[in-house]
Each structure stands twice: as structure tokens, then as C-alpha cells.
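First the structure, in the form of C-alpha cells, and then the observations on it.
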Amino acid sequence: MAQIAQVLVDVPTMQTNRPYSYRIPAAWRSQVQPGMRVVVPFGRGKRRVQGFVLACNDADETAYDGELKAIDTVVDLAPVLNPEALALSKWLADSTFSFQITCAQTMLPAVMRAKYVKLLRTTATTPADIQTTIFHGQSSVPFDDVATTPAQVSDLLRLQAAGAVEVYFQVKNQARHKTVVGITAVLDQAELVEAEKTVRAGAAKQVALLKGLQTLNGETLAQKKFSDQFGVSEAVIRTGEQKGWLKKTPIEVYRDPYATADIKATKSLKLNDEQQVAVDQIVAAVQKSAKTTFLLEGVTGSGKTEVYLQSIAAALAQGKTALMLVPEISLTPQMVQRVKGRFGKAVAVLHSGLSSGEKYDEWRRIKRQEAQVVVGARSAVFAPLTNLGLIIMDEEHESSYKQDDAPRYHARQVALWRSQYHDCPVVLGSATPSLETRARAEKGVYQRLLLADRVNQRPLPKVSIIDMKTELQKHAESNFSQALLVALQDRLDRHEQSVLMLNRRGYSSFVLCRDCGFVLKCPNCDISLTLHMDTHTMKCHYCGHEEAIPRICPNCHSHQIRYYGTGTEKVEEELRDLLPDARIIRMDNDTTRKKGAHARLLSQFGSGEADILIGTQMIAKGLDFPNVTLVGVLNADTALGLPDFRASERTFQLLTQVSGRAGRAEKSGHVYIQTFNPDHYAIRFAQHHDYEGFFKYEMRMRHQGGYPPYYFTVQITASDLDEAVAAKRMYQLLQWLKPQLTPSTQILGPTPKPIARVNRRYYYQIVIKYKREPNLAATLTTLLHETQVQQRQGLQIAIDVEPLHFM
Ligand SMILES: Nc1ncnc2c1ncn2[C@@H]1O[C@H](COP(=O)(O)OP(=O)(O)OP(=O)(O)O)[C@@H](O)[C@H]1O
Ligand SMILES: [Zn+2]
Ligand SMILES: [Zn+2]
């Protein structure tokens, strides 16, 4: 009998969900377990790939005709995927129509993903001259270093065929632990005391060292701490090492991104009645291990965070762990502070702003059960917490919870799966729940908890709508209406703060020729380039293309070429002219690119170092500054024109969220919304803080249009460098799909995507709309596997279940 491992292998462009069998060498029999990473040979060449062990079993090797390959190396000492993670990766692959290996890799920190290095190695028969000319005496060299020309490649292939060299793929583990030097006593307690007598008179520092070592009781202490604590220098420690008193050993340390952050501890607040009702219900579910999904629908400033924190505390009190998801957390440093302030060292934080080493360390702290609370953005939903007692998803309507690349999962779906696995409740929180979630609460699938009022009976801010059509007739080309300017000046006089938002979606500064109408576009993508004053260039926001700002029109050579639209920089400039005394902070992609810049700018604003905060959408969410009494939205409607059925929903959500930043403490707030569509329902409902009204109206629109949540949708996209190839493939796909699906299912398209070309690739889409489609899973699974072949030829096909963007 041999022991066989079922291994999920990572072979790009040849992925499959079928595991391969490998023999486990005798030496590793007791060691290899499901969930470990291994390196295995694959295919006929010397190729090595990484894989995950799915199962181990005893089997008769002769049942596998021919030779069964053996596992090369075992990467892990303990499984990196526990049974839950293995089951979850399987489900994720099935439900998002992606490969299980992709899912498994997505669930782990990026540094644990294999990196492949292609090497050229000598063999027993490598001729001496080749050993010097190609290998320079080494036994292997990177393949790409020695194969730079086609002639060199064909030479190497000839040598390989003759067995004189071999090509080898090495799997590199990128994960590195961070260590510091530690001090451990070598002598025992009595010997250390004895050694004091051998020290020559006057060598007081050596005595201090020996006394210090005695306090360690056999433990290891970091050298730096040891020197500080006992006042001995590195030189004295070295002497002690030479004398055989101590040894230096590496101690593993965690990279802690918040080590230097000044976080104040907070205590539970006394809840108001609505909060108390919500907390009671959630805590009861935690205690009963009920799989209830709650929708916590609370207006802006109603104290949802306090409800989360007290519910988490209840889970911890039960000896359980808690997971709290927030949208791209680097955008809300305030939230991290609140959670860390309440739960201190029990908290691990995971988000994209951390370095890959920091992420890896936080992941290991969770895995080792050293952290009981995890706060993080989308991928933190996979945090390896065991014994989960509660999952919270703040701002559940945010589209950043959906991943754009394979696996195209929504973190909400994963959260619900884990709630079933762990028998624990989920809380979906928002002031503006997604239509899908609110509709489920309406049907009783989710339990709705309502916080209808702000804490301490603060009123929601008054919202004024300003019609920019009439405004522009009065004074041309300003970003600021008269009313907003007066309000800003008024806040300056009263030493209160203001927040101004420029909606960047669907709007940017582009260059247009007044004579011929020419607009400068990206040569790779179908969209206009955006002016960036910091770098004095025109940039493409889709592919990163950058070029000089034109002085004359490239089309008609006219000098009448001008900037249109507006960027945050231009707004800031204009505002400095209009209100020269105001202190302004600008927050956008340019000013927050550096690590920590986002948190720093916010804390400057929070501590009153500026009067006005200007920013893009990134300032709309979560900010809680008591002195902000004015919010201005400079362009409310630019996203309304986007060809996406969720355009109104997004606009309503954004306006409600940003309005919610005003008047959160004692002083009441006022919001000014500038728009060219003052009568649009999304803007009107936002003006009246009327989520319910919006929900009902929008549900009617969706019903008429046959959109979610009344229908389910799947989007299939094909892209290719050659437009004809992409289009042709989509028409073939349509012909193939039709007979597979039931007649009640609608297939829309193929159509070029609204932005048809991005980064030189042409995009075509098909949208499948259905209420019930029994053949869907089988059809899409077939499609997934068939597209592998085409992938190799350059055509890319993507399947997106419940896509959030139709662009
Ligand atoms: N029970 C309470 N008593 C006093 N203050 C409270 C109470 N609950 C919350 N607060 C305070 O009210 C403010 C608003 O709360 P929080 O930021 O949690 O609101 P929110 O519902 O998350 O709002 P948003 O959706 O706008 O982010 C915070 O400063 C918070 O400390
Ligand atoms: Zn581009
Ligand atoms: Zn022109």
C-alpha cells in the first residue's frame, strides 16, 4: 500500500478543479495533511508547481497505471487551509465559476502565493566549456539571463535535447518572518552568580550583565530591551557571549503597522433605546448560536459603530471571536481606532494599505489565535478565525466588497456562508442599504433593526438643492454657487469646519478644442485623458498612460485648446482665490498616495488645523468630526448619466452618506447640493433623508426594467486585442448559450461595453437575466473549462455573477 495525496495544482492557463494524485514519500507519511502546500512535478518536463493537498488516503499504487509521481517538497509544517477554508474554497469556486486553486490562493496572504523561477541547470554530462561560458562555474543560472536572443534559445534547446543542460522551475516561497536578536543565558542560575566572582574589579558593567541574565529565568529577551533595561552596551553583551555566559538567538517578531499609533482606550457608552434594542437582539443571537442575518439600518450618525462594538464584546465574553468588515479600511482610519480603542491587542487589522509583510504577520497572529477580533476590508472575510461568534459588515452597500478579478466574489456572500458554517449571526449595517439587502429584509429573510434617529436626538442636517443651470447664467464658469460661498464664509467667521466633495466618477478635467471639438483621448482606451497639474501631464485613469499637455490642437492645429470640467486641484485653486483666509486640506488620489498620508490629513483636519476639507468620494464615508457643520457637494449628478441601472442608487447613497458628515454633534448642520438635475428623484429623496421613499420608488423602476433584485444577472465578457475576434467569439457564445438555457431566461447582447476599449483590449459583453435557471451552473462550468484553451490564444473570457458594474 502506498499513501497517496490528492493535490490541487497551480498550472496557469491549464487550470482544472480536478485534483491530481501524488505519492507521499515514506519519510513524510506522518507529516503531510490536507490544507498544506506542496511542490510537485507536473507534466513531462522538469516543471515544478505549487499545490494544495486536498486529501490523503491509502491506496494500491498499482491501481494508478504507470508511475505515480511523488511529492517533491512539503512547504508547510502545519496546514495553511483548515477544513473550513478547504470547504469554503470549493464552494467559492462553484458559486463564482472560478478555479478552486485561484480561490485557495485568494484566501491566503499574497506572500504565500508561489513565485516561479525558471532556471537552467547543469547535468552530469554538461561539457566543460558550457560550464564556464554559460554557467560561470555555478550549477544553475536564471534561464532569462542566458536566453536573451532567439539564437541563444535555440542553442539551449539543442543542448537540452542532448541532455547537456536542463530547464528547471523552482518554486520560491516569498514569505519571510521578521526576527530580532535575542539574549538567552547559557549558564544556570547558580553558575551566573558564581561567574560574578570571576569578573575583574571595576568591570561593573559585566556584573550588571550577569545580574540581568539572572532575571531572565531561562527566557529569551530581545537584545535591545535587555540593553535598555540593564544599561549594558552591545560590546559588553558581546564579551558575555565570548565568555560563554549567554548566546544570541533570533526571536520572531510581528510587523505591527499600528505599533506607534496613539490609540486611546475607550469604554462602552450608555446606549439609547434604539441601540439597546438592536444590541439585545444581536447578543441573543450570538448566545443562541443563531444563524440570523440582521440588517442594521441606521441613519448617518445614529451610532451603529457602538452597536457593533458592544455586540462584539458579547461574543468575546462567550469565548468566541468576531469579524468586522469595513469598506477599504485605509479610507477609514477612524474606524480602526475605535475598534482598537475598545479591544486593544485582541484586534488584528487587514487591509490593502499594509505592506505584504505586515499582512502576513497579522494573518499569522489570527491563525495562532492570538487575535480574537479582526477588522478588515474585503479579503479579510477569509480571516482564519476559528470559533466565530459574530460577523459584522459595515456599509454593506459598498461596491468595494465585490472583487473585480477572479474569483469575482462578494464578501457578503462569503460572510453568509461562514455564518452557516459557524452557526453565528451576521449584521449588515448601513444608512443606505443596497436594494438587494433591503428587499430581503422586506421579505423577512433578514431581520431588520432600525435606528431611525441620530444619537442624542440630533436632527439630520437641512439640505438645500442648488440649480446650477440658473447659477451659471449669473456668473459663468465658477464651481461655487453664491449660496455655497456665503455659507462657507459664514463657517469661517464662526470657526466651524466645512467638507466639500467633488464627485469624480464620470467627470474629470479633459482637454477640448474650441474650434473643432477635438478631445484628447488615451491611445489604448476609449476614454478621455485627465489633466494632472502636479505632474503637468495628461493621464489615463484606466491604463496609466501618460503624455504631455498639448498646447495646440493635434487635430486642427488651433490654439483654442482648453481644459474643461474640473479636478479637485482646480477647485482648491479657485477656492483659495475666493476665500484667501481659509485653511484648506485636499484629499484625493494624488495627495493620499503615500503610505499614511490619508490618516495624517484626516487627523490634521480633525484637530482643527484646517477650515475646509476638499475631496473626492473618499471623504463621503464614516468621518465623524463634531465641528463640521457644512457639507457642499459641488456636482451631484455627474454619475447619474452613466449607462448603469444602479446609477440612481449610487447617487442617492453617495449624497446621503456625504450629507451625513454634517452636524453630528451639538451644532446643527447644513448641506448644499449643486446639480444640473434638481428634480431627479435620487437627489430629491436624498434631500429629504428619505431612504424608504427612495427604496419604494427605485424598486418600481427595477421591476419595470426587469433588473435586480427582481432578476438575477450574470455578465460574460470577452476581450481581445483584435476587436473582430472578441465580437466573433461573443456571437458564437450566444449561439451556444441559447439552446442550453430555458426560454424564460433572457440573454442580452452581445454589445460592446460602454467603455469598449481599455488598455488596448476590446470588450464585448453578454448579460444573462433570469429568475430561475436550472441549467445555469452546468452551462457556466462548461464555459469556464472551455475558455482555458482560448485564454492561451489571447482571448480572455470572464464570468461575473451578479456584477455590480456594467461598464
Ligand atoms: N449611546 C451613545 N451615547 C453617546 N454618544 C454616542 C452613543 N452612540 C454613539 N455615539 C456617538 O455618536 C457619534 C456617531 O456614531 P457613529 O459614528 O457610530 O454613527 P454611524 O451610525 O456609524 O454613522 P455613519 O453611518 O454616518 O458612519 C459618534 O461620535 C459616537 O461616539
Ligand atoms: Zn488608457
Ligand atoms: Zn481642433
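Tally up the residues in segment 306-329 that are β-branched (Val, Ile, Thr) and open to solvent by 20 Å² or more (accessible area, probe 1.4 Å), please.
Selection size over segment 306-329: 0.
If I go through segment 1-54 residue by residue, how many of them are closer than 24 Å to Leu783 by Cα, among the polar types (S, T, N, Q) and open to solvent by 60 Å² or more (accessible area, probe 1.4 Å)?
Result for segment 1-54: 1.
Return the residue satisfying two criteria in turn: it lies in segment 422-454 and is open to solvent by less than 20 Å² (accessible area, probe 1.4 Å) and in a helix (DSSP H, G or I), and of such residues it is nearest to Lys288 (Cα to Cα).
Initial filter on segment 422-454 (open to solvent by less than 20 Å² (accessible area, probe 1.4 Å)): 424-435, 437-439, 441, 446, 449, 451, 454.
From the residues that got through so far, the ones that are in a helix (DSSP H, G or I) too are 435, 437-439, 441.
Details: Leu435: 29, Thr437: 24, Arg438: 25, Ala439: 26, Ala441: 21 Å.
Selected residue: Ala441.
Look at Ser498 and say whether it is touching a strand residue (DSSP E or B) at 6+ places or on another chain (Cβ under 8 Å), within 16 Å of ligand 3 (Cβ to nearest atom), at pLDDT 70 or above and among the hydroxyl-bearing types (Ser, Thr, Tyr).
The answer is no for Ser498.
Do we have any residue at all in segment 85-93 that's of a type in the set (A, V, I, L, M), in contact (Cβ under 8 Å) with a residue 24 or more places away in the chain, more than 21 Å from Ala777 (Cα to Cα) and in contact with a Lys or Arg (Cβ under 6 Å, 6 or more places away or on another chain)?
Here is the first cut: in segment 85-93, the residues of a type in the set (A, V, I, L, M) are 85-88, 92-93.
Among the residues that remain, those that are also in contact (Cβ under 8 Å) with a residue 24 or more places away in the chain are: 85-88, 92-93.
Keeping just the survivors that are more than 21 Å from Ala777 (Cα to Cα) gives 85.
Going one step further and asking which of them are in contact with a Lys or Arg (Cβ under 6 Å, 6 or more places away or on another chain), we end up with none.
No, because not a single residue in segment 85-93 is of a type in the set (A, V, I, L, M), in contact (Cβ under 8 Å) with a residue 24 or more places away in the chain, more than 21 Å from Ala777 (Cα to Cα) and in contact with a Lys or Arg (Cβ under 6 Å, 6 or more places away or on another chain).
Hey, can you tell me all the residues within segment 94-140 that are part of a helix (DSSP H, G or I), farther than 30 Å from Arg408 by Cα and either touching a residue at least 24 places away in the same chain (Cβ under 8 Å) or in the same structural domain as Ala778 (by TED's automatic domain parsing) (or both)? Outline the logic, then answer.
Of segment 94-140, the ones part of a helix (DSSP H, G or I) are 94-96, 100-106, 110-112, 128-133.
From the residues that got through so far, the ones that are farther than 30 Å from Arg408 by Cα too are 128-133.
Matches in segment 94-140: Ile130 only.
Hand me the list of helices (runs of 4 or more DSSP H) wholly inside segment 551-662 holding 1 or more residues that are within 16 Å of ligand 1 (Cβ to nearest atom) and under 29 Å from the mean Cα position of the chain (by Cα).
Working: elements: 568-578, 597-606, 647-659.
Ranges flagged: 597-606, 647-659.
If the requirement is being under 23 Å from Lys359 (Cβ atoms), at pLDDT below 90, within 28 Å of the chain's Cα centre (by Cα) and not basic (Lys, Arg), which of these qualifies: Val111, Val80?
One residue alone meets the criteria, Val111.
Consider only pairs whose beta carbons are under 8 Å apart and that are at least six residues apart or on different chains; among these, list those whose first residue lies in segment 673-702 and is among the charged types (D, E, K, R) and whose second residue is in a loop (DSSP other than H, G, I, E, B).
Arg702/Phe645; Arg702/Pro708; Arg702/Pro709; Arg702/Tyr710
The values are calculated or read from the model by the stated rules, or taken from the named source; none is laboratory data. This one's a predicted model, so the numbers in the text were calculated from it and none came from an experiment. Reconstructed Cβ throughout: ideal geometry from the backbone, glycine too, with neighbour counts over all protein chains shown. The area values use the complete protein model at the heavy-atom level, side chains included, leaving out ligands, DNA and RNA. Shrake-Rupley method; radii C 1.70, N 1.55, O 1.52, S 1.80 Å.
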